[in-house]
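Asks: The structure's right below; bear with me while I get my questions together.
The values are calculated or read from the model by the stated rules, or taken from the named source; none is laboratory data. As the structure is a prediction and not an experimental result, all values here were calculated from the model. Neighbour counts run over all protein chains shown; Cβ positions are idealised from the backbone, glycine included. Accessible surface is based on the protein model in full, side chains and every heavy atom, while ligands, DNA and RNA are left aside. Shrake-Rupley method; radii C 1.70, N 1.55, O 1.52, S 1.80 Å.
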Amino acid sequence: MIRPFVTRLSALVLVLVLWVLVTATALVDPLYLPSPGAVWDAFVRANTRHPIAPGVDRMVIGEQNYYLWEHLVASLQRIGAGIGLAVVAGPPTGFVMGMLAPVRLVTEPILNFLRALPPLGYIGLLIVWFGIGDVSKIWLLFLAAFPPIAIATLNGVTGVKQDYLHAARSLGAGRVQVILRVVLPATLPEVIGGIRLATAFAWTTVVAAELNNGIPGIGGLAYISGTQLDTPLTIACIIVIGGAALALDSLLKLAGDVAVPWKGKA
């Protein structure tokens, strides 16, 4: 347990040291790669009240009139809404597809088509349909998260061992009992894995979702700071986005271990 932690920490320290050396020796223009200190200053500035400009008394809040943590919370709320809808719709869809072959035959190509579409491919259409507010962003995140969850559920249902089904039927279990006592428990690990994958994929689309009217939003802030050539703030946003993604994945992994302790044991 200690050795993996030390290894990961050492790798992180090595990256940080290389970053410091590259910026200290001016091998790369600060416009393209600012120093860790500059990124830290941008992070602190984005989380505090500060003068609008040096020597000016007027104070402003964070960046774009919001603190950085408020941008992050706004994005998490959109992610939560989009993934929440996908969690409600995805497992039942995948379960029905897995249990009914005719339904699977019709819907599986549509599902695979949606999964293959990049988010930027339909964000313009969503804006036309739902405007530039949060509704279009939530729809985008839902469409990013729904296919992985539904497909994971489908794979879980179709992957149940036939021996388990035959054994349950031979013991007198009816169709409903087979579904509730065999198929559903065997599918749950796949469903939770699909939710983890969908959350990661939806989080990677947060910048695309917040390209238009994305303030407050951590993706919108990263985009705007990039267009303004504020590289330290852009990198600070990227680090926050990555850290939040790791935290979300760790929470989902923990929740999965608690919800399906039989995963890998049956």
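Asks: Taking only the C-alpha atoms, wrap a convex hull around the range 125-215 and report its volume per residue in Å³ as a whole number.
Replies: 100
Asks: Moving on. HN-Hα J couplings of the range 65-74 from phi, Karplus 6.51/-1.76/1.60, θ = phi - 60°, integer Hz, Gly and Pro as x?
Replies: Karplus-based 3J(HN,Hα) across the range 65-74 equals 6, 9, 6, 4, 5, 5, 4, 5, 4, 4 Hz.
Asks: For Ala168, what charge total do you get from the other residues with a beta carbon under 14 Å from its beta carbon, if Lys and Arg give +1 and Asp and Glu give -1?
Replies: +3
Asks: Hey, another quick one. When each pair of different Cα atoms in the chain is counted once in the 1/r mean, what is the Kirkwood radius in angstroms, to one decimal?
Replies: Kirkwood radius, the chain: 21.3 Å.
Asks: Shifting gears a bit: How much mean residue ellipticity at 222 nm does the chain get from its helices, if each DSSP H run of length 4 or more adds -39500 (n - 2.57) and you divide by all residues, to the nearest 500 deg cm²/dmol?
Replies: One gets -24000 deg cm²/dmol as the mean residue ellipticity at 222 nm.
Asks: Same structure, new question: Report ³J(HN,Hα) in whole Hz for each residue of the range 16-27, in order, from the Karplus equation J = 6.51 cos²θ - 1.76 cosθ + 1.60 where θ = phi - 60°; Gly and Pro get x.
Replies: 5, 5, 4, 4, 4, 5, 5, 6, 5, 8, 6, 5
Asks: Then there's this: Quantify, in whole percent, the carbon and sulfur part of the accessible surface of the range 124-199 (1.4 Å probe; protein heavy atoms only).
Replies: Reported share for carbon and sulfur atoms: 66 percent.
Asks: Return the sequence-ordered ³J(HN,Hα) values of the range 164-174 in whole Hz as given by the Karplus equation 6.51 cos²θ - 1.76 cosθ + 1.60 applied to θ = phi - 60°, using x for Gly and Pro.
Replies: 5, 5, 5, 5, 5, 5, 5, 8, x, 6, x
Asks: Using mean Cβ contacts within 10 Å as the protection proxy, how do 156-168, 137-149, 233-245 order, highest first?
Replies: Going from most to least packed, we get 137-149, 233-245, 156-168.
Asks: Count the net charge of all other residues whose Cβ sits under 11 Å from the Cβ of Leu140, scoring Lys and Arg as +1 and Asp and Glu as -1.
Replies: Net charge in that neighbourhood comes out at 0.
Asks: Give, as a single signed number, the net charge of other residues whose beta carbon lies under 11 Å from the beta carbon of Arg45, with Lys and Arg counted +1 and Asp and Glu -1.
Replies: Around Arg45, the surrounding residues sum to -2.
Asks: Shifting gears a bit: Modelled label-to-label distance, Leu33 and Ile239, 7 Å Cα→beta-carbon offset: nm?
Replies: Distance between the two pseudo-spin positions: 1.5 nm.
Asks: Another question about this same structure. Please work out the C-alpha center-to-center distance from the range 72-97 to the range 207-246 and express it in whole Å.
Replies: Taking the Cα centre of the range 207-246 as reference, the centre of the range 72-97 is 22 Å away.
Asks: Residue separation times 0.36 nm, minus the C-alpha to C-alpha distance between Leu120 and Ile132: what's the value?
Replies: Stretched fully, the Leu120-Ile132 segment lengthens by 2.9 nm.
Asks: Moving to a separate point now. Determine the principal axes of the Cα atoms in the range 176-218, then give the extent along each, sorted from largest to smallest and rounded to whole angstroms.
Replies: Rounded to whole Å, the extents work out to 49, 15, 12 Å.
Asks: Just to be sure I follow: if Rg is taken over the C-alpha atoms of the range 1-147 and Rh is the Kirkwood radius over the same atoms, what is Rg/Rh?
Replies: Ratio of gyration radius to Kirkwood radius: 1.14.
Asks: Treating cross-link reach as a plain straight distance, find the lysines whose alpha-carbon is under 16 Å from the alpha-carbon of Lys263, omitting any fewer than eight places away in the same chain.
Replies: Lys161, Lys253
Asks: Moving on. One quarter of the convex hull surface, Cα atoms only: what value does that give for the range 158-266 in nm²?
Replies: Mean projected area for the range 158-266: 9.2 nm², to one decimal.
Asks: What dipole magnitude, in Debye to the nearest 20, does the chain give about its Cα centre under +1 on Lys/Arg Cβ and -1 on Asp/Glu Cβ?
Replies: About 1040 debye.
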